[in-house]
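Written below as structure tokens is the structure these notes are about.
Values quoted throughout were computed directly from the atomic coordinates according to the rules given, and no laboratory measurement underlies them. Note that the structure is predicted; figures quoted are calculated from it, not measured. Glycine gets a Cβ as well: all are built from the backbone with ideal geometry, and neighbour counts include every protein chain shown.
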Amino acid sequence: MRFVHETLPQRVRFATGESARAVAEEVEHLGARRVMLIASKDEAALAGPIASLLPVVRRHDEVVMHVPVEIARRARRAAADCEADILVSVGGGSTTGLAKAVAMTTGLPIVAVPTTYAGSEATNVWGLTEESVKRTGADPKVLPRSIVYDAGLLTGLPTMMAVASGLNAMAHCIDSMWGPRADPLDQVLAGEGIRRLALGLPRVKQGGPDIGGIEETLYGAYLAAVSFASAGSGLHHRICHVLGGMFDLPHAQTHAVVLPYVLAFNAPNAPEAERRIAEALDASSATAGLAALRATLDAPNSLKACGMPEEGITKAAGRILEAVPANNPTPATEDDIVRLLKAAWEGSEPS
């Protein structure tokens, strides 16, 4: 064996129904006294009980998908103006992403409280969008010091948003099987993440307060993010970051649509990864297993429905090609990328 694996330093708490107390304890553990709480207006009700137990000096609610640089600049100024010594983010990937943008330049610690299955809370990856280009990178300063998972905060997540977000987590797992730095430990974590997500998401799809199903899915999403943070961004995420920044597409839905096409493209040239994915999905093949799960979930199925213009296919292909990892299992040409995007735009059968 020849590989290097880095485990990121982070406290993780699963605290169903106890997020307010757990967050307060994490803030105290970090010795912080001045909290800037970041939560969108839509998350205000969920953030309220958490805020009530914290020394909040600023509540910041300007949260925008893909973290535009001007939004990040205003949040950084707000943190400086209120002299915050810690950030508490309550929300999905956009909220966590904004907290990361602040931490990147200020060094402030983050306590993250996820309300979707985005997984950003467990990675050291940041993303910023400027002039329709989404840039990403890794920085230890943006890794939240603590995560508090509370399944009770996700009972009100709209079903189709939960499905898309869960499939985004599944994409983290599958990309981790062949990412630029993928190693055997990443593949073990990703395989278990796939298995847990496949168990939890059908329960979440049924709707209602199925705490057990939400916990299963949250656990899978956490494993997905940990493996992804180590393995690095593969072809799937390179595609979705270009499309999201270029066309301002909904993040989770874009990932949910693109995933089966990237799997079909890479699986034939990654037999060990394909076997692991199929086994985790309890299926004869990885593509068949994912297709069956997506059918059960009534998953989003076209980039056209996400709002991507058809002329964007050729516009995005060249930029995606530049970002394809050198060790992607299947070598990609611009024609390959165009065909993949066209199929995903139409929602045709992956092949």
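May I ask for the angle, rounded to the nearest 10°, between helix 159-176 and the longest principal axis of the chain, with both axes built from Cα atoms and the value confined to 0 to 90°?
The helix 159-176 is inclined about 70 degrees to the chain.
I want to verify a result. In a Gaussian network model of the chain, Cα cutoff 10 Å, which of these has the top mean-square fluctuation: Gly234, Gly191, Gly318?
Among Gly234, Gly191, Gly318, the largest mean-square fluctuation in the Gaussian network model of the chain belongs to Gly318.
In degrees between 0 and 90, to the nearest 10, how far off the longest principal axis of the chain does helix 184-205 point, with axes built from Cα atoms?
Tilt relative to the chain: about 80 degrees.
Once a ≥ b ≥ c are taken as the square roots of the eigenvalues of the Cα gyration tensor of the chain, is the result rounded (a/c under 1.5), prolate (a/b larger than b/c) or oblate (a/b not larger than b/c)? Could the numbers behind the result be given before it?
Details: a/c = 1.67, a/b = 1.45, b/c = 1.15.
Prolate, because a/c is 1.5 or more and a/b exceeds b/c.
Quick one: which residues, 5 or more positions from Ile86 or on another chain, have an amide H under 5 Å from its amide H? H modelled 1.01 Å from N in the peptide plane, none for Pro or chain starts.
Counting only residues 5 or more places away or on other chains, the set is Arg34, Met36.
Region 102-177 to region 313-340: how many Å between their Cα centroids?
25 Å
Cα to Cα, under 14 Å, and not fewer than 8 places away if on the same chain: which aspartates and glutamates meet these conditions relative to Lys304?
Leaving aside aspartates and glutamates fewer than 8 places away in the same chain, those within reach of Lys304 are Asp248, Glu346.
Would you work out the relative contact order for region 1-109, in percent, from Cα pairs under 8 angstrom that are 6 or more residues apart?
28 percent
Counting Lys and Arg as +1 and Asp and Glu as -1, what is the net charge of the other residues whose Cβ lies under 11 Å from the Cβ of Val69?
Values: positive: Arg73, Arg74, Arg76, Lys134, Arg135; negative: Glu70, Glu130, Glu131.
The answer is +2.
If I take R0 = 35 Å and measure r between the Cβ atoms of Ala305 and Thr330 in this structure, what FRET efficiency does the formula 1/(1 + (r/R0)^6) give, to the nearest 0.05?
Values: r = 26 Å, r/R0 = 0.75.
Efficiency for this residue pair is about 0.85.
Share of Cα-Cα pairs in region 11-154 beyond 23 Å, in percent? Before the final figure, lay out each step's value.
Numbers: 2372 of 10296 pairs.
In whole percent, the share of Cα-Cα pairs in region 11-154 beyond 23 Å is 23.
Give me the extension gain from Asp139 to Thr159: residue separation times 0.36 nm, minus the current Cα-Cα distance, reported in nm with one decimal. Mind dumping the intermediate values first?
On the way: separation 20, 0.36 × 20 = 7.20 nm, distance 3.29 nm.
So the extension gain works out to 3.9 nm.
Mind giving me the FRET efficiency for Glu346 and Asp61? R0 is 35 Å, r the Cβ-Cβ distance, nearest 0.05 is fine. Display every interim value, and only then the final one.
Details: r = 38 Å, r/R0 = 1.08.
For R0 = 35 Å, the calculated efficiency reads 0.40.
So, counting K/R as plus one and D/E as minus one, what does the shell of residues with Cβ under 12 Å around Pro140 add up to? Write out the running numbers ahead of the final one.
Details: positive: Lys100, Lys141, Arg145; negative: Glu6, Asp139.
Local charge sum for Pro140: +1.
For region 204-263 and region 61-93, write down the distance between their C-alpha centroids in whole Å.
Value for the Cα centre distance between the two parts: 23 Å.
Mind pulling the angle between the C-alpha long axis of helix 93-106 and the longest principal axis of the chain? Nearest 10 degrees, somewhere in 0 to 90.
Relative to the chain, helix 93-106 is tipped by roughly 60 degrees.
Using Cα positions and a limit of under 15 Å, work out the aspartates and glutamates in reach of Lys342, with same-chain residues fewer than 8 apart set aside.
Output for Lys342: Glu310, Glu311, Glu334.
Rounded, prolate or oblate: which fits region 164-297 when a ≥ b ≥ c are the square roots of the eigenvalues of the alpha-carbon gyration tensor, with rounded for a/c under 1.5 and prolate only if a/b beats b/c?
Working: a/c = 1.42, a/b = 1.14, b/c = 1.25.
Rounded.
Under 23 Å between alpha carbons, and skipping anything fewer than 8 positions from Lys100 in its own chain: which lysines qualify?
Result set, ordered by chain and number: Lys41, Lys134, Lys141.
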